[in-house]
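Before any comments, here is the structure.
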Amino acid sequence: MLDQPLDKSASRDYLRTRLKTRHLLLMVALDEEGSIHRAAERLAMTQPAASKMLRELEELVEAPLFERLPRGVRPTPYGLALIRHAGSVARSLDQARDDLQALKGGTHGQVALGAITAPAVGLMPQALAAVKQRYGGMRLSLEIDTSNVLLERLAQDRLDLVVGRLAAGHDQLALRYEPLGLEPVCAVVRPGHPLLSAPGLDLPALVDCGWIVPPAGSVLRHRFNLMFQRASLPLPANTIETAALLFTTRLLEHSDMVAVLAEEVARYYAAYRMLEILPVSLPCHMDDFGIITRVDLPLSPAAALVADILRSTAASRYADGRPGGLGGPPGAPR
């Protein structure tokens with residue numbers, strides 16, 4: 001019976017009315033503990049009760065969820081599918097508990113954010129400083145990575161919202177997107193670089209330079225290559241690929257290479273004289289970035305407060321369509 005197609009469980013109401021929270025917590029515990037005995041202890045129940053609940057759950061979904069091994073259990077493909085959703089429910093329950101405790105304690109909960117590099121350097125520090133100034137008890141965490149990585153973590157309920165970009169490959173029907181700002185790019189070099197004083201600097205003059213470029217497959221690398229192709233120029237052959245900003249700035253310091261960076265990131269480092277922006281216009285622009293949230297999961301009260309401050313901060317910061325308000329020492333490039 002367990003190997004037959006899921007007939008009754010194909011009905012949404014069937015699972016909704018029969019699946020219990022305890023079932024889902026058992027799935028998560030079995031996956032993490034790898035043992036019915038340890039999972040039962042974790043849920044403060046007896047091993048026979050846990051075994052019976054697992055059998056009931058398998059009968060409910062009409063599929064084997066775990067292989068019984070001599071020394072534990074291992075999830076089947078059916079089990080892995082259910083574990084993924086069970087984990088999402090468990091994390092939502094944890095978040096609900098935290099939200100309730102925060103309201104009872106007079107604080108404002110916790111928010112896990114993700115951001116791509118440019119807004120992480122410019123927008124996020126200003127916005128999150130404003131959040132902490134208003135809501136000192138709110139707990140914030142920020143991950144900085146590519147949009148693809150951050151959106152995967154958003155899908156896993158590990159992030160509340162992402163400040164990033166949506167691409168054609170993303171499931172835009174399941175995501176809500178609110179644009180915040182643009183991300184122009186520029187070419188940067190070490191202070192004192194010979195190109196800084198070169199007259200009439202243009203794109204053809206940069207073809208033979210050594211370039212520090214984003215990894216192949218990234219959006220910026222695609223736009224970088226397209227920039228030369230549209231100008232009927234060969235792609236630079238002398239390149240080093242990296243997404244690490246620390247390595248990029250150190251490599252620029254010890255070489256005459258040129259790097260392509262988001263303008264907001266470049267201006268931050270230029271403000272502290274770690275690099276300089278070349279006086280050349282690059283016809284290379286990234287898509288806008290914005291707040292990305294899940295359609296099927298409402299923001300917590302704390303996350304909604306953070307989103308509001310992100311919107312108001314971005315509205316003033318990008319009012320003229322360009323990054324601004326970076327701060328830094330007097331005389332910093334604008």
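Taken over the range 47-83, the criterion of being in contact with a strand residue (DSSP E or B) (Cβ under 9 Å, 6 or more places away or on another chain), in a loop (DSSP other than H, G, I, E, B) and crowded, with 19+ Cβ neighbours inside 10 Å is satisfied by LEU65 alone.
For the range 197-214, the set of residues classified as without any contact (Cβ under 8 Å) to a residue 60 or more places away in the chain, outside any helix (DSSP H, G or I) and under 36 Å from the mean Cα position of the chain (by Cα) consists of VAL207, ASP208, CYS209, GLY210, TRP211, ILE212, VAL213, PRO214, listed by residue number.
Evaluate the following for ALA259: is it surrounded by 21 or more Cβ atoms within 10 Å (Cβ to Cβ), modelled with pLDDT under 95 and among the small types (Gly, Ala, Ser)? Judged against the criteria, ALA259 is not a match.
For the range 34-73, filtering for residues that are without any contact (Cβ under 8 Å) to a residue 40 or more places away in the chain, in contact with a Pro (Cβ under 9 Å, 6 or more places away or on another chain) and among the acidic types (Asp, Glu) leaves 1.
The single condition from (1) modelled with pLDDT of 90 or more; (2) surrounded by 17 or more Cβ atoms within 10 Å (Cβ to Cβ); (3) under 14 Å from ALA314 (Cβ atoms); (4) not basic (Lys, Arg) that VAL185 fails is (3).
Determine, yes or no, whether ALA112 is assigned to a helix (DSSP H, G or I) and small (Gly, Ala, Ser). When the stated conditions are applied, ALA112 does not pass them. Yes or no: the range 273-283 includes at least one residue that is at pLDDT 85 or above, assigned to a loop (DSSP other than H, G, I, E, B), in contact with a Ser or Thr (Cβ under 7 Å, 6 or more places away or on another chain) and crowded, with 20+ Cβ neighbours inside 10 Å. Yes; the residues of the range 273-283 include at least one that is at pLDDT 85 or above, assigned to a loop (DSSP other than H, G, I, E, B), in contact with a Ser or Thr (Cβ under 7 Å, 6 or more places away or on another chain) and crowded, with 20+ Cβ neighbours inside 10 Å.
Condition first: in contact with a helix residue (DSSP H, G or I) (Cβ under 9 Å, 6 or more places away or on another chain) and farther than 24 Å from VAL265 by Cα. Can you find one or more residues in the range 139-153 that meet it? Yes, because at least one residue in the range 139-153 is in contact with a helix residue (DSSP H, G or I) (Cβ under 9 Å, 6 or more places away or on another chain) and farther than 24 Å from VAL265 by Cα. Within the range 113-132, is there a residue that is more than 28 Å from ALA315 (Cα to Cα) and buried (at least 16 other Cβ atoms within 10 Å of the Cβ)? No, that holds for no residue.
When the criteria are applied in full, PRO215 meets the requirement of being assigned by TED's automatic domain parsing to the domain that holds GLU263, closer than 15 Å to VAL260 by Cα and touching an Asp or Glu at 6+ places or on another chain (Cβ under 7 Å). Residues of the range 284-315 that are at pLDDT below 90 and part of a helix (DSSP H, G or I): PRO301, ALA302. If you check LEU297, LEU251, LEU235 for being on the phi < 0 side of the Ramachandran plot and under 19 Å from the mean Cα position of the chain (by Cα), only one passes: LEU297. Every listed requirement among (1) within 13 Å of VAL121 (Cβ to Cβ); (2) at pLDDT 95 or above is met by LEU251 save one, (1). If the condition is being within 13 Å of CYS186 (Cα to Cα) and in contact with a helix residue (DSSP H, G or I) (Cβ under 9 Å, 6 or more places away or on another chain), then the range 222-266 contributes MET227, VAL258, ALA259, VAL260, LEU261, ALA262, GLU263, GLU264, VAL265.
Of the residues VAL162, VAL121, only one is β-branched (Val, Ile, Thr) and within 19 Å of LEU299 (Cα to Cα); which?
Values: VAL121 fails: within 19 Å of LEU299 (Cα to Cα).
When all the criteria are applied, what remains is VAL162.
Just one of the numbered conditions (1) modelled with pLDDT under 90; (2) over 17 Å from VAL295 (Cβ atoms) is not true of LYS132; which one? All conditions pass for LYS132, except number (1).
The values are calculated or read from the model by the stated rules, or taken from the named source; none is laboratory data. Since this is a predicted model, take the numbers as computed values, not measurements. Because the Cβ atoms are built from the backbone with ideal geometry, glycine has one as well, and the counts that use them run over all protein chains shown.
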